[in-house]
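In what follows, a single structure is set out as structure tokens and then discussed.
The values are calculated or read from the model by the stated rules, or taken from the named source; none is laboratory data. It should be emphasised that the depicted structure is a prediction, and the values quoted were computed from it without experimental measurement. Because the Cβ atoms are built from the backbone with ideal geometry, glycine has one as well, and the counts that use them run over all protein chains shown. When the accessible area is computed, the model is the full protein with side chains, heavy atoms only, and any ligands, DNA or RNA have been set aside. Shrake-Rupley method; radii C 1.70, N 1.55, O 1.52, S 1.80 Å.
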Amino acid sequence: MAKAKIQFPRGFLWGTATASHQVEGNNKNNNWHAWEEAGKTADKSGLACDWWGGRWREDLDRALETGQNAHRFSVEWSRIQPEKNRWDEGALNRYRDILRGLRERNMTAMVTLHHFTNPLWLENPSTDSGGGWENDETPQLFADFVRKTVSALKEYTNLWVTINEPNVYVYSAYVEGAFPPGKQDLNIAFKVMVNLVRGHALAYKAIHEIQREARVGMAHHYRAMSPKNTKSPLDHWVVKAQSSVFNDLFPNAARNGKVKFLWKKVEIPEAADTQDFMGVNYYSRDQVAFNLKMAGELFGKHSFPKDADLSETGFIANEPEGLHEAIRWANGFGKDIIVTENGVEDAADEMRPRYLAEHIAQLWRAVNFSWRVKGYFHWSLVDNFEWERGWTQRFGLWELDIETQKRKKRKSAELYEEICKTNSLSSKMVEKYCPEAMEKIFPD
Ligand code: FCB
């Protein structure tokens, strides 16, 4: 077939995303360390990718050498504020080093301020008022932490994510119970949602007070959903109901200052209009069936279609059109859009090349609709610690040997390199790295 190429706009951000607890190693003062020690995870994070020991340097070199012009990482609250009344300037200096390292490499930095982990003192307070985000004091404590951190780092970036995937955090920690504190209680979940919105709003205001040119958003996990039985009105209803809670609740709250959940409603006027951009994390699409037995999950049973292109551990179905849908959805909020995460776990790197190419093709379709997409961050740069799933899932463009800390470039890293360096995806690349995706991406 004739050669074809899809080209991205000049200045498009190409990068990868990471998070403190997943890459730093020796992170011992937060709720996830305690969770690991309690045997609630498949493995322990241990040294992770040893970024705290300095290996961020070699990994950012890898990113730079392969054409990435941006990187998203998170700062660890429990390092910066190890006790309620103590700040660690040394920790802030290390983050300054990383940011300086990005600047030296001419890479744009995006900093996430909360990525799932809480300091131990916050999660287990000495009072009996409840821990972590259940506690009504937490939004203000978070804002204090944000103020301190942003003041210290503002010289090096103006792109901030306040909270990563608040919906996944609430669902995993307070509905499913796989994240600490492992509760299954919709009332507490609601309280946590309200406090996360309050925390985000206070953080948004604090950041803009400190840095006028700041661009602040949340990273929203968008889950595409379709009715399992397209003829069933109940399946249609449950998709709508679930999507309006899981996908819409947080960005709506940051737009209109209202948190609506089932029959509950809380007004948080200070949260209105508190996003400068929409961060979108997209991984997969689910089929949802109405199921009366699943009250705790709001009556929806999620599954993947029988013929789905499934990832190694069955965690993700390759549904690239869902990324296009996610960006269309984000565009409805009228702000710039950045894809803050997208990727797949695949140690053998058999599926990732086509997953990557097919998603980039959908990203381009969205750009072509003139939706305001400004960048794409692949999850992730190097294999890292995948929460309760430990090291059983490998999301890296580079493979990591956790015993030796050796990295090995996967084929997908080569494909991503060609994409980043040419700011495009071509039929030649697809033919070379994932010919099986040719028909889908570049049909004759
Ligand atoms: C997202 C998380 C990220 C990583 C990927 C695979 O939900 O934000 O930390 O675990 O999933």
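Filter the range 66-83 down to residues that are touching a residue at least 40 places away in the same chain (Cβ under 8 Å) and among the charged types (D, E, K, R) and give me whichever is farthest from VAL339 (Cα to Cα). Here the answer is ARG79.
Here the condition is being touching a residue at least 12 places away in the same chain (Cβ under 8 Å) and either among the hydroxyl-bearing types (Ser, Thr, Tyr) or more than 21 Å from GLY67 (Cβ to Cβ) (or both); of GLU345, GLU403, it holds for GLU345 alone. The residues of the range 350-377 that are assigned to a loop (DSSP other than H, G, I, E, B) and either more than 16 Å from the ligand (Cβ to nearest atom) or open to solvent by 30 Å² or more (accessible area, probe 1.4 Å) (or both), listed by number, are GLU350, PHE369, SER370, TRP371, ARG372.
If you go through the range 422-444 and keep only what is under 26 Å from the mean Cα position of the chain (by Cα) and surrounded by fewer than 18 Cβ atoms within 10 Å (Cβ to Cβ), you end up with THR422, ASN423, SER424. For the range 244-262, the tally of residues that are part of a helix (DSSP H, G or I) and either open to solvent by 30 Å² or more (accessible area, probe 1.4 Å) or closer than 16 Å to MET294 by Cβ (or both) stands at 6. Flag: LEU196 does not match the condition of being modelled with pLDDT under 95 and hydrophobic (A, V, I, L, M, F, W, C). The set of residues in the range 123-156 that are touching a Ser or Thr at 6+ places or on another chain (Cβ under 8 Å), in a loop (DSSP other than H, G, I, E, B) and in contact (Cβ under 8 Å) with a residue 24 or more places away in the chain comprises ASN135, ASP136. In a residue-by-residue description of the range 108-118, the property of being in contact (Cβ under 8 Å) with a residue 24 or more places away in the chain, within 16 Å of the ligand (Cβ to nearest atom), surrounded by 23 or more Cβ atoms within 10 Å (Cβ to Cβ) and among the aromatic types (Phe, Trp, Tyr) applies to at least one position. The residue list THR162, THR157 contains one member that is crowded, with 20+ Cβ neighbours inside 10 Å and either within 15 Å of the ligand (Cβ to nearest atom) or on the phi < 0 side of the Ramachandran plot (or both), which is THR162. The numbered conditions (1) outside any strand (DSSP E or B); (2) within 15 Å of the ligand (Cβ to nearest atom); (3) open to solvent by less than 30 Å² (accessible area, probe 1.4 Å) are all true for THR392 except (3).
Of all residues in the range 412-421, none satisfies being assigned to a helix (DSSP H, G or I), closer than 19 Å to LEU47 by Cβ, open to solvent by 20 Å² or more (accessible area, probe 1.4 Å) and modelled with pLDDT of 95 or more. Looking only at the range 312-358, residues that are among the hydroxyl-bearing types (Ser, Thr, Tyr) and in contact with a Lys or Arg (Cβ under 9 Å, 6 or more places away or on another chain) come to 2 in all.
For the range 152-197, the set of residues classified as closer than 30 Å to GLU209 by Cα and charged (D, E, K, R) consists of LYS154, GLU155, GLU165, LYS191, listed by residue number. Just one of the listed residues (TYR204, TYR222, TYR174) is open to solvent by 10 Å² or more (accessible area, probe 1.4 Å), within 16 Å of the ligand (Cβ to nearest atom), touching an Asp or Glu at 6+ places or on another chain (Cβ under 9 Å) and outside any loop (DSSP other than H, G, I, E, B), and it is TYR222.
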